[in-house]
Amino acid sequence: MELGKYNTLIANRYTSVGLFLENTEGEDVLLPMKWVPKGLNEGDSLEVFIYLDGEERPIATTTKPFAQVGEFAYLKVKQQTAVGAFMDWGLEKDLLVPFIEQNGRLEAGHSYLVYVYLDEMTDRVAASSKIENWIEKEDIPLKYNQEVDLLVGNQTPLGFNVIIDNAYLGLIYENEVFKTITPGDRIKGFVKQIREDHKIDVSLQKQGYSNVEPNAQIILDKLKEQDGHLALHDKSDPKAIVAQLGMSKKTFKKAIGGLFKQKLISIGEDGIKLL
């Protein structure tokens, strides 16, 4: 059985305290009665999460934690103790971040980006806020404009750090964020650039002309809402464009250029008009 991960097991036998589940190798683990689904019969299969209880015994639960071993998560510290910080990860027993795995002292009530791992010395599930030690830095098979899954981390003066596809560290620049995002959000993004130092720039919008068509439709829809006129043009303040359309000035200019060529709009000093 894999500690700190989901396991699909077979219901073996009921007892007064719960249901013992078994894997194909004959190992069993207790699923306390409070977590046993109604109508589950002996011989049925069930996916459970396995971790160590307060007495360091393997135990199963149908409660889903916020992350399992091998995953990154954005978790809140419940308390800092003499052995380390304990984080809320959705289970009855909190997740420990040992002092040696803390990137600076973690404060109670604050949330941090961490990696969940299995400590091979103690066989306990733990977490680390030293993200750099757990990300993939050399083998990066990502491509330009590839759609990726993002976990938003802490905000920095440059922008937002993100975990890409649960493996790589990336950055969304502050001046390219055109919608509200907060640490802990799981969103989609697109690879913008992989630098020589293996750092990855990410965008919330697809790059190039392929991004113009959906944004052109947004502009057309907005024009129809505003009786065919928008007081925006290629010299408008970028902040005004973001406020009204939620896109960058660069994307806006490409979009209206395409609409103008298709003779769908006119562009004047007072803005754009629907033809």
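The values are calculated or read from the model by the stated rules, or taken from the named source; none is laboratory data. Not measured: the values here are computed from a predicted model. Positions of Cβ are generated from backbone atoms using ideal geometry, with glycine treated the same way; all protein chains shown enter the neighbour counts.
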Considering each of 104, 109, 70, 90 in turn, give the residue that is in a loop (DSSP other than H, G, I, E, B), at pLDDT 95 or above and farther than 19 Å from residue 2 by Cα. 109
When residue 155 is evaluated against the numbered criteria (1) surrounded by 14 or more Cβ atoms within 10 Å (Cβ to Cβ); (2) polar (S, T, N, Q); (3) farther than 27 Å from residue 88 by Cβ, which criterion, by number, is the only one it fails? (3)
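Condition check ((1) under 27 Å from the mean Cα position of the chain (by Cα); (2) modelled with pLDDT of 90 or more; (3) among the acidic types (Asp, Glu)) across all residues:
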residue: 215; (1), (2), (3): yes, no, no
residue: 220; (1), (2), (3): no, no, no
residue: 237; (1), (2), (3): no, yes, yes
residue: 269; (1), (2), (3): no, no, yes
Please go through region 112-152 and pick out each residue that is loosely packed, with under 13 Cβ neighbours inside 10 Å and of a type in the set (S, T, N, Q). 122, 133
Is it the case that region 52-63 has a residue that's in contact (Cβ under 8 Å) with a residue 12 or more places away in the chain, under 28 Å from residue 156 (Cβ atoms) and outside any strand (DSSP E or B)? no
Filtering region 258-269 for residues that are buried (at least 16 other Cβ atoms within 10 Å of the Cβ) and part of a helix (DSSP H, G or I) leaves a count of 2
The residue from 251, 182 that alone is under 34 Å from the mean Cα position of the chain (by Cα), outside any strand (DSSP E or B) and within 23 Å of residue 134 (Cα to Cα) is 182
Looking at the structure I just gave you, is residue 118 farther than 19 Å from residue 51 by Cβ, in contact (Cβ under 8 Å) with a residue 60 or more places away in the chain and not assigned by TED's automatic domain parsing to the domain that holds residue 191? no
Residue list for region 150-169, filter: out of contact with any Phe, Trp or Tyr (no Cβ under 7 Å at 6 or more places or on another chain), over 11 Å from residue 72 (Cβ atoms) and either outside any strand (DSSP E or B) or not assigned by TED's automatic domain parsing to the domain that holds residue 180 (or both): 156, 157
Screening 104, 84, 39 for residues that are over 30 Å from the mean Cα position of the chain (by Cα) and on the phi > 0 side of the Ramachandran plot leaves only 39
Please state which of the following conditions residue 138 fails to meet, knowing it meets all the rest: (1) touching a Gly at 6+ places or on another chain (Cβ under 9 Å); (2) within 30 Å of residue 205 (Cβ to Cβ); (3) in a loop (DSSP other than H, G, I, E, B). (1)
Would you confirm, using the coordinates I've provided, whether residue 86 is closer than 17 Å to residue 126 by Cβ and free of Cβ contacts under 8 Å to residues at least 12 places away in the same chain? yes
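Among the residues of region 197-246, which ones are of a type in the set (Lys, Arg), under 30 Å from residue 169 (Cβ atoms) and outside any helix (DSSP H, G or I)?
199, 206
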For residue 79, all conditions in the list (1) surrounded by 15 or more Cβ atoms within 10 Å (Cβ to Cβ); (2) over 27 Å from residue 1 (Cα atoms); (3) polar (S, T, N, Q) hold save one; what is the number of the exception? (1)
